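Report on one structure; see the data block that follows.
No value in this document is a laboratory result; all are computed from the given coordinates. Since the model is a prediction, treat every value here as computed from it, not as a measurement. For neighbour counting, all protein chains shown are included, and Cβ atoms are generated from backbone atoms with ideal geometry for every residue, glycine included.
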Amino acid sequence: MASDCTYCPTLEARLAGVAGGLRALAAFIDKELTEEATMSRRELLDVAAVRVSNLADQAQGGY
């Protein structure tokens, strides 16, 4: 990213946070589907939907 952009570091930090959140969510879903499940698939979908919504808020600067 351009070094003269004052917005870029904030954007870069947001995107890094969202990327980390997506990786964590993918690992969580994979663990639930491949190892011993701790919740039903319906509950998993509900949890995933909330996490994705939170990540979208984070990407928009909500967190």
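For Glu12 and Arg51, compute 0.36 nm times the residue count separating them, minus their Cα-Cα distance, and round to one decimal in nm.
Working: separation 39, 0.36 × 39 = 14.04 nm, distance 2.01 nm.
Result: 12.0 nm gained on full extension.
Between Gln58 and Ala26, what length comes free when the chain is fully extended (0.36 nm per residue of separation minus the Cα-Cα distance, one decimal in nm)?
Values: separation 32, 0.36 × 32 = 11.52 nm, distance 1.70 nm.
Gain in length upon complete extension: 9.8 nm.
List the pair-distance distribution P(r) of the chain, using every Cα-Cα distance, as the percent of pairs falling in each 5 Å bin from 0 up to the bin containing the longest distance, rounded to whole percents.
4, 17, 21, 18, 13, 10, 7, 5, 3, 1
Highest first, please rank the peptides 16-22, 37-43 by the mean number of other Cβ atoms sitting within 10 Å of their residues.
On the way: 16-22: 14.0, 37-43: 10.3.
Taking the mean over residues of other Cβ atoms within 10 Å, the ranking is 16-22, 37-43.
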